[in-house]
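Visitor: Questions regarding the structure given below will be posed in turn.
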């Protein structure tokens, strides 16, 4: 049976608010959630904390979170924050 992923675009200007909205939609996600990061150029400490909470909640709900279009600088921040192992990355 084919799996249908939920696809959500993260607003580059309001990353924290977008991630909080995604966290609320995680309850309705079925198996996989794809987040489009192509508009995001930088993230701050609040966004990192929101991503940590999102990863924790996704693990509890058994939902795989896929990050699409993450630029190199954001990937490096996620790597230093030890979050890269908690997400799947697509180019």
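Visitor: Would you mind calculating the relative contact order of the chain from Cα pairs under 8 angstrom and at least 6 residues apart, reporting the percent as a whole number?
Guide: Computed value for the chain: 30 percent relative contact order.
Visitor: How many percent of Cα pairs in segment 6-90 exceed 19 Å?
Guide: Tail of P(r) above 19 Å: 26 percent of Cα pairs.
Visitor: For helix 45-61, what angle does its Cα long axis make with the longest principal axis of the chain, in degrees from 0 to 90 and rounded to 10?
Guide: 20
Visitor: For residue 81 and residue 30, what does the FRET efficiency come to when R0 = 22 Å and r is the distance between their Cβ atoms, rounded to the nearest 0.05?
Guide: Taking R0 as 22 Å, the efficiency between residue 81 and residue 30 is 0.20.
Visitor: How far apart, in nm, are the 7 Å Cα→Cβ label points at residue 64 and residue 49?
Guide: Simple spin-label model gives 3.1 nm for this pair.
Visitor: Taking the square root of 5 times each eigenvalue of the Cα gyration tensor, what semi-axes in Å does the equivalent ellipsoid of segment 27-69 have, largest first?
Guide: Computed over segment 27-69, the values are 20, 14, 6 Å.
Only the coordinates and a few stated rules stand behind these numbers; no lab work does. Just so it is clear, the model here is predicted, and its values are computed rather than measured. All Cβ positions, glycine included, derive from the backbone under ideal geometry; neighbour counts span all protein chains shown.
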